[in-house]
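Written out below as structure tokens is the structure these notes cover.
The values are calculated or read from the model by the stated rules, or taken from the named source; none is laboratory data. This structure is a prediction, so every number in the text was calculated from the model and none was measured. Methodologically, a virtual Cβ is constructed for each residue, glycine included, from the backbone with ideal geometry; neighbour enumeration extends over all protein chains shown.
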Ligand SMILES: Cc1cc2nc3c(=O)[nH]c(=O)nc-3n(C[C@H](O)[C@H](O)[C@H](O)COP(=O)(O)O)c2cc1C
């Protein structure tokens, strides 16, 4: 069976963002799986207009087109999820609105006060509407783990429960990724 192509999408563009830690960690773990080919997509590299914005520049529109096309290369997606006011970041929501995820699996690595859980739950609902399949296991990096990475030089891989959740998430992403890839090749609409 050919490898599944998975994108790890860095969901925050904030200066000094934490997002790079979970992105590197989960991409590293995914890259160790023989059945996955992994690429990190950083929203910093995709400065796009807001969906439907009248005053979009040509560069912003071209980038949005490129983003949409780029997403089509993948069989599944893992998002790093920051929680801003109990919701996903605006930049990530906009990138999702400008993209296509139909009949593909999505997975979330959240972080924050409650491990980004509220933002992750928003995303699960959003992706139902987009025709994607959200895998069961979320990875939730709690505040003490978040702080230990930022202030004590710890790494996310130091936490066995995070590694365990990531393993389960990747197992599910691979299962759904293969199932939906096969289905996409024979079923044309749903
Ligand atoms: C505008 C704003 C709103 C925030 N709201 C929440 C929140 O609702 N829940 C939470 O757990 N953390 C919240 N935080 C703290 C973020 O979890 C923390 O800043 C995190 O590092 C953001 O991710 P980033 O650094 O990758 O951008 C908020 C931070 C900002 C800047």
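Things to note:
- Of everything in region 118-136 that is within 12 Å of the ligand (Cβ to nearest atom) and within 22 Å of residue 40 (Cα to Cα), the residue that is surrounded by the fewest Cβ atoms within 10 Å (Cβ to Cβ) is 120.
Rundown of residues vs (1) in contact with a strand residue (DSSP E or B) (Cβ under 7 Å, 6 or more places away or on another chain); (2) more than 16 Å from residue 21 (Cβ to Cβ), yes/no style:
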{"site": "95", "(1), (2)": "no, yes"}
{"site": "110", "(1), (2)": "yes, no"}
{"site": "148", "(1), (2)": "no, no"}
{"site": "164", "(1), (2)": "no, yes"}
{"site": "178", "(1), (2)": "yes, yes"}
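- So residue 9, is it closer than 15 Å to residue 104 by Cβ, in contact (Cβ under 8 Å) with a residue 24 or more places away in the chain and within 16 Å of the ligand (Cβ to nearest atom): yes
- Within region 166-176, the residues that satisfy the criterion of being within 24 Å of residue 20 (Cβ to Cβ) and out of contact with any strand residue (DSSP E or B) (no Cβ under 8 Å at 6 or more places or on another chain) are 167, 168.
- Counting residues in region 45-59 that are assigned to a helix (DSSP H, G or I) and either more than 16 Å from the ligand (Cβ to nearest atom) or within 23 Å of residue 181 (Cβ to Cβ) (or both) gives one or more.
- Helices (runs of 4 or more DSSP H) lying entirely in region 78-190 (those with 1 or more residues that are closer than 24 Å to residue 51 by Cβ): 90-97, 117-129
- Selected residue (criterion: nearest to residue 4 (Cα to Cα)) from residues of region 102-116 that are surrounded by fewer than 18 Cβ atoms within 10 Å (Cβ to Cβ) and within 11 Å of the ligand (Cβ to nearest atom): 114
- Of all the numbered requirements in (1) in contact with a strand residue (DSSP E or B) (Cβ under 7 Å, 6 or more places away or on another chain); (2) surrounded by fewer than 17 Cβ atoms within 10 Å (Cβ to Cβ); (3) under 23 Å from residue 122 (Cα atoms), residue 3 misses one, and that requirement is (3).
- Restricting attention to region 85-94, the residues that are buried (at least 24 other Cβ atoms within 10 Å of the Cβ) and closer than 15 Å to residue 41 by Cα add up to 1.
- Filter result (touching a residue at least 60 places away in the same chain (Cβ under 8 Å) and buried (at least 17 other Cβ atoms within 10 Å of the Cβ)) within region 163-178: 166, 169, 170, 172, 173, 174, 176, 177, 178
- Figure legend. Inter-residue proximity from region 126-147: first residues modelled with pLDDT under 95, second residues surrounded by fewer than 18 Cβ atoms within 10 Å (Cβ to Cβ) and part of a helix (DSSP H, G or I), beta-carbon distance below 6 Å, spacing 6+ or different chains. No pairs are indicated.
- Among the residues listed as 95, 90, the single one being farther than 27 Å from residue 36 by Cα and within 16 Å of the ligand (Cβ to nearest atom): 90
- The test for being assigned to a loop (DSSP other than H, G, I, E, B) and either farther than 17 Å from residue 177 by Cβ or in contact (Cβ under 8 Å) with a residue 60 or more places away in the chain (or both) holds for residue 18.
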